[in-house]
Every structure is written in structure tokens, then in C-alpha cells.
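First the structure, in the form of C-alpha cells, and then the observations on it.
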Amino acid sequence: PAPVAVLGQLREVAGSPAWVPMAAGPGRNIAVISSSAADAIAVLGAAALSLAGQHRPGTARFTVATLVPDAAGPVAELARRLDARGHPVRIVGLDGFGALVGGLAADVAARLTGGTARDEPHYLLLHGVDGASGILERKDPDTLRSGLDSLRQVLKGGPETGLHVLGWWRSVQRLRSVLTMGAGVDDVGCWVAFDVQGGELGTLAPGIVAWSPRPARGLMFDRYTQRRPEVMVVPDISEESP
């Protein structure tokens, strides 16, 4: 079976984990929508640590991008914990983000053309994607492609090659601005929303209107495994699980 990313706990009697299968297929990316750094960082951290625990040491790659100042400390701690589990970890800041996305997009295109998948899954964790808006808007003088074009290529074709994006955006509008012109809402198969009114989420999942933000609660929807969104409790990743 495909590994699963555990994002938190469903708010239900059984207290089931809120999990997302990360198979090598279209749309297997995750978006966290939140103006709160703490909630978003907790969800991305839980997802990364849960995935790391399902792969034998050295059989999965993690690239963690720090694109807003609030994420620097938590990202360093997350990288330490992933490294302790024996997985290669690369930390990238704003200065290297454009080159990272451009290189990954070229790799995805080559793999899709040649029909070659990765030997091990690659998880790309983006902390504060909209913090890199200026960098993503720049165009490569040789290819005339912008970083935004490259990110869309990674979202659209990456999962089929074993590359999955787990990213944090600060608003629905900023996520939607990425999911146009070469990408679509189906390319982010799962999202978790915090401090967002139900009406704003209609562009991602039509018909959602009866939702109001609540402290430490998020609304999770995986369009490939759920019939309707479900309320999720923010995970606590301050200590290692037994």
C-alpha cells in the first residue's frame, strides 16, 4: 500500500487519524491554508514525520523550503528529526528556491517524457509559498519560464514520478493564483483550511458554506477519498511519539 501522510486527528467519536494516501498518481499533493504559522507548521511537520516513519532509512528524500521567517526555527528542528530517522534532508531558503523549483520541473518533464519514475519518493515541504511570490514571478532568460510555471509543472506532473508537494499558503486566493494557467484544483488533491470562512472555500470544493473557523480546528478535504470535508484537530508534534 502507498504510504500515508497523517495530518492530525479527525473530530469524531472514534478519534481516527486524518490521513492522506501519497500514491504515485495525479493530485497527490497537500495544501495547508492558514494565516497562522503555528497551525500550518504543525500539520506539515506531522505529515513529514509520519511519512518518514513508513520508509526504511535512506529510502525517501525530503526537501524543506523556508520561505517566511516564522518557519526558520521549526524547519531546522523538523530537519533534525527527519535526519535522525535516517532520511536525506535538504533545507532551502528564499535565495535557492527559484533554482530548486526550476530544476525539479525540468526533472519532472524529463521523467514524464521518458516514462521513468524515481527510485525513492521525494517529499517537497514548502513553508509559506506566497512568501516567495517575487521569486516565482521572475522568468528564466533562457527558457522564458517563470518560477510559477515551474511550480505548476511540479504540482501537475510531480506525483506521477514520485515527487509530492506539501505546501502552506496564507489564503485561498493565493493558492488559487497558483492553480491556473497549466494547473488546476485537481492537482492539489487534499487541503486543510484554518481561519477561512466556508464561502471562501467554494472555489476549491463547490457547495461548502456551513463552516466557520474555530481555534485549533481545521477543515480537511481529500477529493479522492472523502465525500465531504471533515473537521480535524491540529496535531501536537512538540515531542516524539512513543
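The values are calculated or read from the model by the stated rules, or taken from the named source; none is laboratory data. All values derive from a computational prediction rather than experimental measurement. Don't worry about glycine lacking a Cβ; one is built from the backbone with ideal geometry, like all the others, and counts go over all protein chains shown. Heads up: the accessible areas ignore ligands, DNA and RNA and are worked out on the full protein's heavy atoms, side chains in. Shrake-Rupley method; radii C 1.70, N 1.55, O 1.52, S 1.80 Å.
Just a few scattered comments:
- Pair Arg228, Asp83: separation of 7 Å Cα→Cβ label points (nm): 4.6
- Extension gain from Gln197 to Ala110, taking 0.36 nm per residue of separation minus the Cα-Cα distance: 27.3 nm
- Karplus-derived 3J(HN,Hα), 6.51/-1.76/1.60, for each residue of the range 94-102, Hz, glycine and proline x: 4, 5, x, 5, x, 5, 4, 5, x
- Derived scalar couplings ³J(HN,Hα) [the range 156-166; Karplus, 6.51 cos²θ - 1.76 cosθ + 1.60; whole Hz; x for Gly, Pro]: 6, x, x, x, 5, 9, x, 9, 10, 9, 10
- Heavy-atom surface analysis with a 1.4 Å probe gives the chain a carbon and sulfur content of 53 percent of its accessible area.
- For the chain, share of DSSP beta bridges that run antiparallel, in % to the nearest 5: 45
- Surface exposure of the chain, expressed per residue as accessible area with a 1.4 Å probe, stands at 45 Å².
- Rounded to 0.05, the FRET efficiency of the Ala117 and Glu12 pair, given R0 = 35 Å and the Cβ-Cβ distance, is 0.45.
- Two-site label geometry, Arg174 and Asp140: point separation in nm, points 7 Å out along Cα→Cβ: 2.5
- Counting charges near Gln153 (Lys, Arg +1; Asp, Glu -1) among other residues having Cβ under 11 Å from its Cβ returns a value of 0.
- Annotation note: trypsin sites (Lys or Arg not before Pro) in the range 194-229 located in DSSP loop regions with a Cβ neighbour count of at most 10 within 10 Å are Arg227.
- Amide proton proximity set for Leu10, modelled H, under 5 Å, gap of 5+: Ser16, Ala18, Val233
- Estimated purely from DSSP H runs of n ≥ 4, each contributing -39500 (n - 2.57), the mean residue ellipticity at 222 nm for the chain is -10000 deg cm²/dmol once divided by its residues.
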